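What follows is a set of notes on a single structure, which appears directly below.
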Amino acid sequence: MQLITLKKLIFEKNIFAFLRLGKHVDTVYRTSFVTAANSSGLLASLQQGTKSLEQLQHHLQLDGTKQEALSAWLECGVRLKELTYKNGQYALKGKLSKHLAKQENQIAAAMFEEAIRYHYDALLSAPTRMQNNHAYQLADQDGSLIARSSQILEPFVEEAIEWCLKRVSTEPKHILEVGCGAGQYLVYLHNRLPACEITAIDYQLAVVEQAQRTLSANQITNIDLRHESFFELAGESSYDLITLHNNIYYFPQRQRMQVLNHAYKLLKPGGQLLMTTSCQGGSSAISALNLWFSLSDVGGVLPDAQQLTSTLKQAQFSEVQHKRLMPGESYFAFAATK
Ligand SMILES: C[S@@+](CC[C@H](N)C(=O)[O-])C[C@H]1O[C@@H](n2cnc3c(N)ncnc32)[C@H](O)[C@@H]1O
């Protein structure tokens, strides 16, 4: 490089300012590459052993016309030091790739993917989405991915279930789970209360199918699992316990009173409503979740814990209680009696 070029770079183009940004750019490239590598099955495939370009093309079900693009994508992984390429074989190299490729880290990997695909997009596109009235729709989310990532909350939700069961002297005979996701709490309830009749609904077909797989894997055949939306559910005084885990924000703010009224109607006298949800005022992950839903036509902002308590009382529920489930985080359980 000539001295004049270096002088121009330093004094006119401020090369130092650009160099300081390099590590941030690198993080964006790395997280994007590794997320796609995980969701496409590339990481799982390389976890089994090294693979050639042709083997990966076959594994990713790509035809020959995509070989150049596939090679360019894998080259990015090599440059980011997430992969190696030696003697015509690709292998895993980076810490992040190796971490996400492990079977035992699949729930964390799903959470990571949710952050990169949806939270990152919401942060990036919030101003233009607001300017162009371009709201997110349900189809913008992969329901199965969200159901998998929600499983990270399992220990907290199980604690909330136990807390709610302690509020009543007799065990519930009929439970309704609204928005059952991957179905992990159905398994918990089934094992915890074997004599109990359980009905579960979710309004996304792919999610219901996922819940069905969870039930089958656990040899559970006596849960009434339906592809149905909450407001479609008829019946009066039918349930002793209704649970809504991590989904009150799938309903817009203006509809939440209606949700509580409908739950009230479906409950037997003395029946319990249990909700678990992230609320306003949490970490950056909760703020990003709140942003996605506030930019969407799907639901609305996360509830405010005090406000939700008041709304429950306005909906005629009694013995309304809430409990912080995650120390230091705005993640709560709400229980109320009809
Ligand atoms: C974030 S996921 C949580 C899934 C599960 N409850 C859990 O905690 O792992 C929210 C779920 O609620 C479902 N859902 C939202 N609104 C619903 C409605 N009106 N009727 C039925 N299911 C609904 C969604 O399809 C989604 O599967």
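Just so it is clear, none of the values below were taken in a lab; they were calculated from the coordinates. As the structure is a computational prediction, the values presented were derived from the model and not from experiment. So basically every Cβ, Gly included, is an ideal-geometry build from the backbone, and we count neighbours across all protein chains shown.
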For region 3-101, with only Lys/Arg (+1) and Asp/Glu (-1) charged at the beta-carbon, what is the dipole magnitude about the Cα centre, in debye rounded to 20?
560 debye
Region 145-337, Rg to Rh (Cα coordinates; Rh as Kirkwood inverse mean 1/r):
0.93
List the extent of the Cα atoms of the chain along each of their three principal axes, largest first, rounded to whole Å.
84, 47, 35
For a Förster distance of 35 Å, can you work out the FRET efficiency between the beta-carbons of Asp26 and Val301, rounded to the nearest 0.05?
0.60
Tell me what the chain gives for mean residue ellipticity at 222 nm when only DSSP H runs of n ≥ 4 count, each as -39,500 (n - 2.57), the sum divided by the residue total, rounded to 500 deg cm²/dmol.
-14000 deg cm²/dmol
Who wins for biggest fluctuation among Glu113, Glu209, Glu68 in a Gaussian network model of the chain, springs between alpha carbons below 10 Å?
Glu68
Filter on Lys166/Lys338; Lys23/Lys66; Lys7/Lys81 - keep pairs with C-alpha separation over 26 Å
Lys23/Lys66; Lys7/Lys81
What trypsin sites (Lys or Arg not before Pro) does region 108-169 have in DSSP loop regions with at most 12 other beta carbons within 10 Å?
Lys166
Added length on full extension, which subtracts the Cα-Cα distance from 0.36 nm per residue, His174 to Gln316:
49.0 nm
Region 145-337: relative contact order from alpha carbon pairs under 8 Å, six or more residues apart, as a whole percent, is 19 percent
So what's the angle, to the nearest 10 degrees on a 0 to 90 scale, between helix 256-266 and the longest Cα principal axis of the chain?
50 degrees
How would you rank Ser125, Ser97, Ser330, Ser216, going from fewest to most other Cβ atoms within 10 Å of each one's own Cβ?
Ser216, Ser125, Ser330, Ser97
What nm value, rounded to one decimal, do you get for the distance between Gln131 and His59 when each label is placed 7 Å out toward the C-beta?
4.2 nm
Rounded to whole Å and sorted largest first, what semi-axes of the equivalent ellipsoid does the C-alpha gyration tensor of region 1-125 yield via the square root of 5 times each eigenvalue?
31, 20, 13
When the Cα centres of region 72-97 and region 263-338 are compared, how far apart do they sit, in Å?
44 Å
Of the beta bridges DSSP finds with both residues in region 145-337, what % are antiparallel, to the nearest 5?
40 percent
From phi via Karplus (6.51, -1.76, 1.60), per-residue ³J(HN,Hα) for region 98-108 in Hz, x at Gly/Pro:
5, 5, 6, 6, 5, 4, 5, 9, 5, 6, 4
Nearest 10 degrees, 0 to 90: what angle lies between the long axis of helix 305-314 and the longest principal axis of the chain (Cα atoms)?
30 degrees
For region 243-253, just list the computed ³J(HN,Hα) in residue order, Karplus coefficients 6.51, -1.76 and 1.60, θ = phi - 60°, integers in Hz, with x standing in for Gly and Pro.
10, 10, 9, 6, 8, 4, 7, 7, 10, x, 3
Once you have a ≥ b ≥ c as the square roots of the Cα gyration tensor eigenvalues for region 293-338, tell me rounded if a/c is under 1.5, and otherwise prolate or oblate according to whether a/b is larger than b/c.
oblate
Return the distance in nm (one decimal) between the two label points of a simple spin-label model at Glu232 and Lys323, each offset 7 Å from Cα along Cα→Cβ.
3.4 nm
Out of all DSSP beta bridges in the chain, what portion is antiparallel? Express it as a percent rounded to 5.
45 percent
Calculate, for Gln47 and Ala206, the FRET efficiency according to 1/(1 + (r/R0)^6) with r their C-beta to C-beta distance and R0 35 Å; round to the nearest 0.05.
0.90
Calculate the dipole size of the chain relative to its Cα centre from +1 charges on Lys and Arg beta carbons and -1 charges on Asp and Glu beta carbons; express the result in debye to the nearest 20.
1240 debye
Exposure-ranked with fewest Cβ neighbours within 10 Å first, Phe334, Phe156 stand as Phe156, Phe334
Distance from the Cα centre of region 113-167 to that of region 193-209, in angstrom?
20 Å
